[in-house]
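Some notes on the structure that comes next.
The values are calculated or read from the model by the stated rules, or taken from the named source; none is laboratory data. Please read these numbers as outputs of a predicted model, since none were measured by experiment. Note that each Cβ is placed from the backbone with ideal geometry, even for glycine, and that neighbours are counted across all protein chains shown. Heavy atoms of the whole protein, side chains included, go into the accessibility calculation; ligands, DNA and RNA do not. Shrake-Rupley method; radii C 1.70, N 1.55, O 1.52, S 1.80 Å.
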Amino acid sequence: MQRSKFIIGGLLILAAVVYLIASSTQASAEYFMTIEEVQTQKSEITGKSLRISGAVIGDTIEYDPDTLTITFEVAHVTGDNNEIEENGGLAQALHDAVIDPDRSRLVVNYTGPIPDLLKNEAQAIMTGQLAADGIFYADELLLKCPTKYEEALPEQIEE
Amino acid sequence: MLPNLGYGVLLLTFLVTLYSVVIAIVGHSKKSAAMIESARRAMLLTWPLLTISSAILIYLLVNEHYEVEYVWSVTNSTMPLYLKVTAWWGGQPGSLLFWGWLLSSFTSAVAIRKWDRDRDLLPWVLVVAGITLAFFLSLNVFFENPFKLIPGVAPLDGRGLNPLLRHPGMIIHPPAQYLGFVSFTIPFAFALSALITGRTDDRWIRLTRRWTLWAWLFLSLGLVLGMRWAYDVLGWGGYWGWDPVEIAALMPWLTGTAFLHSVMIQEKRGMLKHWNMILIILTYDLVLFGTFLTRSGVLSSVHAFAESEIGPMFFVFIGFTFITSIALVIYRWADLKSETEMKSMLSREALFLLNNLLFLSILVVSFWGVIFPLLSELFTGSKVTVGPPFYERATGPLWGGLMLLMGVAPLSAWGHSTIKTLGRAIWKPALVALLAPIFAFANGITNWIPLSGFTLVALVITVTINEFGRGALARSRKSDENFFVELWNLTKRNRRRYGGYIIHISMVLMGIGILGIELFQTETQRHISIGDTIELAGYTLHYDDLAQFPHEDGRYITRAEMTLVKDGEVIDQLTPRFDIYPGGQPMTIPGVRSTLVDDVYVILVNWEGISANSTPFKVYHNPLVKWVWIGGYVFILGILIAAWPEEEN
């Protein structure tokens, strides 16, 4: 009698947790896509919550001081970490992406303070939606500069 | 010369540790007291050895020996002395050495006692702690040597510590976090020792009770200090972003907190023995996992160090310890049977069990958030992630459930409780607690989430104060002492219980702050010139002046002077600024006015085109956030009461 009460109680908790996880996942999942995927699946993903990573092209950064609106372009970087490692690491991959004119690119629009790290060859990780005009409107912008703290040894050492 | 000596001592320590482990095992199987004594002494020897090695590293750091790669990578000549010393844990190899040194200190503190009553546990404690120590030392010895020299000509200056870490917080946040992490090794070692020797009563729990409390203190402190540091320096208006490193530090805290509660049931009722074993094993391996995440180059954040070879090593070691430990629990399964059965759903032990389940549920949610992207990619091919909204939504009700338990559980009885007995005990405090939502409602809060949140906060506070008051009142009626003297005596007589209650209060005080910032934060951003103003939440910020100048340590500082005005009265001067370090790394430091009611938090948004005519500001209004830090102080008080060593009788 007591035992079954505890089992029912335990099952109820389990069900509640499963529900919480499932519904919250559903409500806040973001699809992580590369820029190439975005460009090829444009019509299906318009309006969906996306999370995109790409290499910032420094020359394209534009900033409107009155509205705090930033626009810039990002270039496609593969989402495969092993591939990045084999080709010399993230910093190299970002550099390759920016100098390659044939790479898929995406225009990003963001309103807000410019993060400290928004600069050429930074990795931008953005969440937001792709609008019908083909511009990605980011709600959130996160930047990483992989070279920042892990510079190579000073040059004299490599001689 | 000196670096070689440092490495030599490190290597020697590694060998001594291995010796201690092996000789303890052999000594145990041969029942040789002399060998076990030798193992104990070898373990004691690791502490002076690692202290020498660490002292050499600190000497090299302070004296700018840039021929050592580690010194070059984490210090430079402009850094103040305190940062040069704390650079000990500012990078990968040094922080691993620091881990090892702490573990050696703790293990030595355990081994220095003769353990007459618990002689049989000692060798296995040495073995488990020793294997952990040997693992960390092996990382230093074979992969991440802090004394490695740069070949060729020594550089003239170092690269310097990551600027984001150049902050007085560096003195206290990392050591607190490490202390918390490392010290959980000791209760784990005793738990395994109990499993191996078959002494599966609650002796190991009683022996490590205070250890666990101190470990938990430092783990909690590490989290709170990290939150504070992020709030003060990182300049994004918050303190917790559910990034994987934060979750990695939170996970052992969740299991550790559950463990702290459920051991009490084993002590009092002889129940939940399997459960306690599993909790301490999980805590230990989650500590390793947290260390692994920041050491392996899997993540890139303020906490992460270089890409490294040691990721797979951690993986193997976590797997090895976890599987071995669980196998031991299964081997002793029958010995760990409960002595009594749980009878009533509302009894104290049942509510403790519920508390455990809620902590574990939060753990599962957090873990799910971290691994969900991997699973989704594996099974559906599309990479999906979840962000802070997921964690907030999924853990919110669970935290609420924990708050409710903090209000109810202290009133329930061991063994048997009914709705009736519980209701009789709770209705008065609950009635008083209803004042909180009424007050909030009168102040314009109509959303049910904060209203129920504040009700729970008030319930915990009234119930807890009621518990203190009732006990002290009863005592002062019997004795002739006054109420406050008896309040003190009451706390002194059952420090774990009343210290625990104070910790409950501290948790809900933090809850006030978290509810405030999570639900009521507002922000605005504008681009203004000197003389202009920004308004937010009834405050006006006047932009008075802008100064840009180089600092002697090479930074270039841009600093705005602002006057904060409310209801026509000047109430504060704020100076948000950003510093650009040589090499281009900027750092945003907010100007903050903090009161019990709210914080005004203004940052100068870094942009190359900044000028006196057009300066971008972002302003946050963070209601009640100060209660997070107040809760932190109360927490320390509570845990000191609970964990302070008893007077010897």
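Can you send over the solvent-accessible area of B:TYR391, 1.4 Å probe, protein chains only, in Å² to the nearest 10? Roughly 10 Å² of B:TYR391 is accessible to a 1.4 Å probe. Averaged over the residues of peptide B:386-394, the number of Cβ atoms from other protein chains lying within 10 Å of each residue's Cβ is 6. Going 7 Å from the Cα of B:ARG496 in the Cα-to-Cβ direction, what parts of region B:353-386 have a backbone nitrogen less than 16 Å from that spot? Only B:353 pass the distance filter.
Modelled spin-label separation between B:SER32 and B:ASN482, with each label point placed 7 Å from Cα along the Cα-to-Cβ direction: 6.7 nm.
Helical runs (DSSP H, four residues minimum) scored at -39500 (n - 2.57) apiece and divided by the length of chain A put the mean residue ellipticity at 222 nm at -10500 deg cm²/dmol. Looking at the square roots a ≥ b ≥ c of the eigenvalues of the Cα gyration tensor of region B:422-524, which shape do they give, rounded for a/c under 1.5, prolate if a/b is larger than b/c, or oblate? Since a/c reaches 1.5 and a/b is larger than b/c, the shape of region B:422-524 is classed as prolate. Each peptide in B:279-289, B:5-15, A:22-32 was scored by the mean count of other Cβ atoms within 10 Å over its residues; highest first, the order is B:279-289, B:5-15, A:22-32.
Residues whose amide H comes within less than 5 Å of that of B:ASP572, counting only those at least five positions distant or on another chain, are B:LEU564 (H built at 1.01 Å from N in the peptide plane). The spacing between region B:270-285 and region B:215-253, judged by their C-alpha centroids, is 25 Å.
Which FRET efficiency value, to the nearest 0.05, do you get for B:ILE557 and B:PHE441 by plugging their Cβ-Cβ distance into 1/(1 + (r/R0)^6) with R0 = 51 Å? Efficiency, from the Cβ-Cβ distance: 0.65. The heavy atoms of B:HIS416 offer some 120 square angstrom of accessible surface to a 1.4 angstrom probe.
In this structure the protein assembly as shown gives 44 Å² per residue of accessible area when probed at 1.4 Å with all protein chains present. Which residues in region B:407-427 place their backbone N less than 15 Å from a point set 7 Å from the Cα of B:SER338 along the Cα-to-Cβ direction? Residues B:414-417 qualify, since their backbone N sits under 15 Å from the label point. Phi angles of region B:274-287 translate, via the Karplus equation with coefficients 6.51, -1.76, 1.60 and θ = phi - 60°, into HN-Hα couplings of 4, 4, 4, 4, 5, 5, 6, 5, 4, 4, 4, 6, 6, 4 Hz per residue; Gly and Pro are given as x.
Heavy-atom accessible area for B:PHE439, with the other protein chains in place and a 1.4 Å probe, reaches approximately 140 Å².
Full extension of the chain between B:LYS148 and B:LEU81 yields a length gain of 21.9 nm, computed as 0.36 nm times the residue separation minus the alpha carbon distance.
Spin-label model, B:LEU375/A:ALA15: points 7 Å from Cα along the beta carbon direction are separated by 2.0 nm.
For the peptide A:62-68, the mean number of other protein chain Cβ atoms found within 10 angstrom of a residue's Cβ is 4. Quick one: grab the alpha carbon gyration tensor of chain B, order the square roots of its eigenvalues as a ≥ b ≥ c, and give me rounded if a/c is under 1.5, else prolate or oblate depending on whether a/b is larger than b/c. Oblate shape, in that a/c is at least 1.5 and b/c is the bigger or equal ratio. Rounded to the nearest Hz, the phi-derived 3J(HN,Hα) couplings of region B:258-271 under the Karplus curve 6.51 cos²θ - 1.76 cosθ + 1.60 (θ = phi - 60°) are 4, 4, 3, 6, 6, 5, 5, 5, 5, 5, 7, 10, x, 10, where x marks glycine and proline.
Accessible area buried by the pairing of B and A, both sides summed with a 1.4 Å probe, works out to roughly 3900 Å². Highest average first, the peptides B:166-175, B:423-432 ordered by how many other beta carbon atoms sit within 10 Å of their residues are B:166-175, B:423-432. Relative to one another, the C-alpha centroids of region B:466-517 and region B:25-81 are positioned 43 Å apart. Less than 5 angstrom separates the built amide H of B:ILE150 from those of B:VAL68, B:GLU69, all sequence-distant by 5 or more or on a different chain. For B:ASN613 and B:ASP232, a Förster radius of 25 Å and the Cβ-Cβ distance give a FRET efficiency of 0.30, rounded to the nearest 0.05.
When only alpha carbons are used to place a centre, region A:1-44 and region B:334-393 end up 13 Å from one another.
Multiplying the residue separation of B:MET1 and B:ILE419 by 0.36 nm and subtracting their alpha-carbon distance yields 143.1 nm. Taking label positions 7 Å along the Cα-Cβ direction at both A:LYS144 and B:ARG117, the computed distance is 5.1 nm, reported to one decimal. Amide H contacts for B:ASP599 (H built 1.01 Å from N in the peptide plane; partners 5 or more residues away or on another chain; cut-off under 5 Å): B:ASN622, B:LEU624, B:VAL625.
Across the protein chains, with a 1.4 Å probe defining accessible surface, the residues B:SER54, B:SER594 rank B:SER594, B:SER54 from largest area downward.
Applying a threshold of 26 Å to the alpha-carbon distances of A:LYS5/B:LYS337; A:LYS119/B:LYS618; A:LYS144/B:LYS383; A:LYS5/B:LYS428; B:LYS30/B:LYS273 flags A:LYS5/B:LYS428; B:LYS30/B:LYS273 as lying beyond it. With θ taken as phi - 60° and the Karplus curve 6.51 cos²θ - 1.76 cosθ + 1.60 applied, the whole-hertz 3J(HN,Hα) list for region B:93-108 is x, x, 5, 5, 5, 4, 3, x, 5, 4, 5, 4, 4, 5, 5, 5 Hz, x standing for glycine and proline. What FRET efficiency, computed as 1/(1 + (r/R0)^6) with R0 = 45 Å and r the Cβ-Cβ distance, is obtained for A:ASN120 and B:ALA109, rounded to the nearest 0.05? Plugging the Cβ-Cβ distance into 1/(1 + (r/R0)^6) gives 0.30. Accessible area ranking (1.4 Å probe, heavy atoms, ligands and nucleic acids excluded), largest first, for A:LYS119, B:LYS618: A:LYS119, B:LYS618. Qualifying trypsin sites (Lys or Arg not before Pro) in region B:5-85, where qualification requires a DSSP coil assignment and no more than 15 other C-beta atoms within 10 Å, comprise B:LYS30, B:LYS31. A full extension of the chain between B:ARG203 and B:SER382 corresponds to an added length of 59.4 nm, given 0.36 nm per residue minus the alpha carbon distance. For region B:1-161, the fraction of 1.4 Å probe accessible surface lying on carbon and sulfur atoms is 70 percent. Largest accessible area first, the residues B:TRP124, B:TRP211 order themselves as B:TRP211, B:TRP124 under a 1.4 Å probe with ligands, DNA and RNA left out.
When the helices of chain B are scored as -39500 (n - 2.57) per DSSP H run of n ≥ 4 and the total is divided over every residue, the value at 222 nm lands at -21000 deg cm²/dmol.
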